[in-house]
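Trainee: Structure below; questions to follow.
Rule-based calculations on the coordinates, nothing more; no lab input. The shown structure was predicted, so the numbers you read here are calculated from the model rather than taken from an experiment. Every residue, glycine among them, receives a Cβ derived from its backbone with ideal geometry; neighbour counts consider all protein chains shown.
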Number of protein chains: 2
Amino acid sequence: MTRDPDPRPAAPADTLGAVGELAALARIIPRLPGSDATVLGPGDDAAVLAAPDGRYVVTTDMLIHGPDFRTAWSTMHDLGFKAAATNLSDVAAMGARPTALVVALAAPAETPVAKLEALAEGLRDACEALAPGCGVVGGDLSVSSVLTIAITAFGDLEDREPVTRSGARPGDWVAVSGSLGLAAEGLRLLFERAVDATGAPDADAAARLRAEHPVPLAAQLTPHPPIADGVAAALGGASAMLDLSDGLALDARRIARASGVSIDLSSAQVREVALAHGLDPAAPASVALTGGEDHSLLATFPPDVAPPLDALPGGFRIIGRVVAADRHGPALLVDGRVFDERGGWDPFAEWSGQAG
Amino acid sequence: MTRDPDPRPAAPADTLGAVGELAALARIIPRLPGSDATVLGPGDDAAVLAAPDGRYVVTTDMLIHGPDFRTAWSTMHDLGFKAAATNLSDVAAMGARPTALVVALAAPAETPVAKLEALAEGLRDACEALAPGCGVVGGDLSVSSVLTIAITAFGDLEDREPVTRSGARPGDWVAVSGSLGLAAEGLRLLFERAVDATGAPDADAAARLRAEHPVPLAAQLTPHPPIADGVAAALGGASAMLDLSDGLALDARRIARASGVSIDLSSAQVREVALAHGLDPAAPASVALTGGEDHSLLATFPPDVAPPLDALPGGFRIIGRVVAADRHGPALLVDGRVFDERGGWDPFAEWSGQAG
């Protein structure tokens, strides 16, 4: 993989269909980040990667035009950035260091190659910003009427045990690193205000909204999850961890169920973290509990890890405590009371079929 | 991952949109094959896999409704089988043993869950038939208006060096394991005869065609590439190898270019192999050279490996010889003359946009 891309973007008339797969790849590949784990890079039927401790972490996730993004709101650079960030976050949530990605991309034949270059640069910028040394080691480029980005991400546990969802024990601290509700607030703003008179997504309105509300919009469109805090949490003794993709309430319940415990969150501490990361104080209080897509890390730590509270690793802040499940079984509590709101986003139930 | 699926398929009214992601996964996951390489299986943000020799092989590939298949011709079981087989073949082409897959699947909300169960069973049957011990260790289920299957496959080199495309040397034998032109002949038959009066893909006509021409139709719809021969070739000293996805001529040129040599194929030996694997003697002679999607293995072996010709490992049969490139550079020759036909299939240039 050469490291010297042509700095000029491809001409607007150079679409995927017009230039073909090989010419498109010749423009895209030099823009992709390299991986320090590469043993054998692109050019063969498969890549070979290093797994120094004899194991590797694997996760896969798709971004699909329609249910997952609007091209009127996200640039291709944004999409590349978000696709990488969300996958890196799943690796980090195991306590692993992200090492590499493979990217399968399908785009309409009329897509300008310059847009795919921008997507590659988004992948590169996310890796450089969030997980230096992690890069793209392989991929697949196809045509489809629906823009689809499927990423598989890899990580190195560096001789540590993986941090799963099932290790939380009564007495553990519950802590979060990253924003709460901010990405959902960004999405709400987009649906409310980045649309034209007919309700269709509108690029100009989105650009104005970005200037006006840069923090929630960035959380939604180009999330910067605290990737390095995954390793920090593992080194700091985290007993359980996951990536907040479907909202704090729903994801905390996942740890509770997998661990056979209940989790009691403090609404005041949740709100404090949410505001500290830029949530508008005027936003509904529940958004920090139920809003999805923050890709923050939720972890539990044994009681001896804190206090002092500043002994928690990285950006982790305490928002609650693990308690024993009562006779009704594992549950999520807020301020001691069962919290049943679902939150999150279910494209199966909720996607209208619209794209734009 | 439980190994006891409900043997009854889901009810026809149970669509992805109606039952939701979790209920669909509960039906699909038990039908997926397990992997012997699993260190930590589904249930967390990522899986952990074993890499006993400290390295792992990775490849990714998408199947997309329209450019890659017609649902009137392929059952969902066929699609699962083919998606697994084509990815396993890329792993085998490195000389590795396939160990695991992750599967990102996007389907229209109106897709019956029973169809996704059949796809999972196709993945399972391909792993069991072609690469026992290999299974699905993770995935992602999304909605999309276009049925899309993105697979990433993993392999274990078992302390051997990977077999790349660049190791062919003048004097090496060129050999193939598997069919030549058979999958393309199957596709030609489908386009010619599995259509209705308007030219649209027709399921009943495809069923009749399958009964009449089972061998080429199976090669196209449920390919059985010689996966175990990847490891056999590596153990047998193969100097270069790849998976025939775009046709013998185009893929042989890839080895020639990567190795800086020319490859001289014997048209008689190519035809002999093609007929032995079931190509209709009445099929055009060129189809064995230019037809794509056989997913056979093309390898080169040092001169001392053969003769006797039966010393070649597994199902490999000699079809040519590696020769020094002349002053025009690496080339593909047939019977000593430069062969320039392209062959293969380029969805960027050739996909009409039709699905069906």
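Trainee: Assuming a ≥ b ≥ c are the square roots of the Cα gyration tensor eigenvalues, decide whether segment A:249-329 counts as rounded (a/c under 1.5), prolate (otherwise, with a/b larger than b/c) or oblate.
Mentor: It is oblate, given that a/c is not under 1.5 and a/b is not larger than b/c.
Trainee: Treating only the Cα positions of segment B:209-291 as identical point scatterers, give the base-10 log of I(q)/I(0) from the Debye formula at each q in 0.18 Å⁻¹.
Mentor: Listed by q, the Debye log ratios stand at -0.95.
Trainee: Another question, then. Give me the net charge of A:GLY178's neighbourhood, meaning all other residues with Cβ under 13 Å from the Cβ of A:GLY178; Lys, Arg count +1, Asp, Glu -1.
Mentor: Value of the local net charge: -4.
Trainee: Let me confirm one metric for peptide B:64-77, namely the mean number of other chain beta-carbon atoms within 10 Å of its residues' beta-carbons.
Mentor: Counting Cβ atoms of other protein chains within 10 Å of each residue's Cβ and averaging gives 2.
Trainee: Ok, one more. Along Cα→Cβ, 7 Å out, is where each label goes; now give me the distance between the ones at B:GLN269 and B:GLU158 in nm to one decimal.
Mentor: In this crude label model, B:GLN269 to B:GLU158 measures out at 2.6 nm.
Trainee: Let me ask something else. Check every DSSP H run in chain A and write down those whose alpha carbon atoms cover 18 angstrom or more along the long axis and whose mean Kyte-Doolittle hydropathy is 0.0 or greater.
Mentor: A:76-92, A:113-130
Trainee: Other chains' Cβ within 10 Å of A:147-160 residues: what's the mean?
Mentor: Going residue by residue through A:147-160 and averaging, the value is 4.
Trainee: In addition: For segment B:50-174, what is the convex hull volume of its Cα atoms per residue in Å³?
Mentor: 129 Å³
Trainee: On the first, second and third principal axes, largest extent first, how far apart are the outermost C-alpha atoms of segment A:159-201 in Å?
Mentor: 53, 26, 16
Trainee: Still on this structure, I have one more. Can you tally the net charge around A:THR290? Count Lys and Arg as +1, Asp and Glu as -1, for every other residue whose Cβ sits under 12 Å from the Cβ of A:THR290.
Mentor: Spelling it out: positives minus negatives among the neighbours equals -4.
Trainee: Find every distance from the label point of B:ASP204 to the corresponding label point in the other copies (7 Å from Cα along Cα→Cβ) and write them in nm, one decimal, shortest first.
Mentor: From this label point to the equivalent ones elsewhere in the assembly: 5.4 nm.
Trainee: Inter-copy label distances at A:ARG193, 7 Å along the Cα→beta-carbon direction, one decimal in nm, shortest first?
Mentor: 6.4
Trainee: Also, I was wondering about something else. Can you list the lysines whose alpha carbon sits under 22 Å from that of A:LYS115, skipping same-chain ones fewer than 8 residues off?
Mentor: Filter leaves A:LYS82.
Trainee: Taking each label point as 7 Å beyond Cα in the direction of the beta carbon, state the distances from A:ASP304 to the same residue in the other copies, shortest first, in nm.
Mentor: 6.1
Trainee: Moving to a separate point now. With the convex hull built on the Cα atoms of chain A, state its orientation-averaged projected area in nm².
Mentor: In nm², the orientation-averaged hull projection of chain A is 18.5.
Trainee: Taking segment A:14-95 as the region of interest, what is the percent of Cα-Cα pairs per 5 angstrom bin, listed from the shortest bin to the one with the maximum distance?
Mentor: Calculated P(r), rounded to whole percents: 3, 10, 14, 19, 23, 16, 10, 4, 1, 0.
Trainee: Here is a follow-up. Whole percent per 5 Å bin, from 0 to the bin with the longest distance: what is P(r) over all C-alpha pairs of segment B:173-345?
Mentor: Taking every Cα pair in segment B:173-345, the percentages come to 2, 9, 18, 20, 19, 14, 8, 5, 4, 2, 0, 0.
Trainee: Hey, can you rank B:220-233, B:326-339 by average C-beta count inside 10 Å, highest first?
Mentor: Averaged packing, sorted descending, gives the order B:220-233, B:326-339.
Trainee: Also: Excluding A:MET94 itself, what net charge comes from residues whose Cβ is under 12 Å from its Cβ, given Lys and Arg +1 and Asp and Glu -1?
Mentor: That works out to -3.
Trainee: Let me ask something else. I'd like the Karplus ³J(HN,Hα) series for segment A:289-296: coefficients 6.51, -1.76, 1.60, θ = phi - 60°, whole numbers in Hz, and an x wherever there's a Gly or Pro.
Mentor: 8, 10, x, x, 6, 6, 6, 6
Trainee: Using label points projected 7 Å from each Cα along Cα→Cβ, tell me how many nm separate A:ASP335 and B:ARG169, to one decimal.
Mentor: With each label point 7 Å from Cα toward Cβ, the separation is 7.7 nm.
Trainee: Divide the volume of the convex hull of the Cα atoms of the protein assembly as shown by its number of residues and quote the answer in cubic angstrom per residue.
Mentor: 160 Å³
Trainee: Mind giving me the FRET efficiency for B:HIS224 and A:ARG342? R0 is 41 Å, r the Cβ-Cβ distance, nearest 0.05 is fine.
Mentor: Here the calculated transfer efficiency is 0.35.
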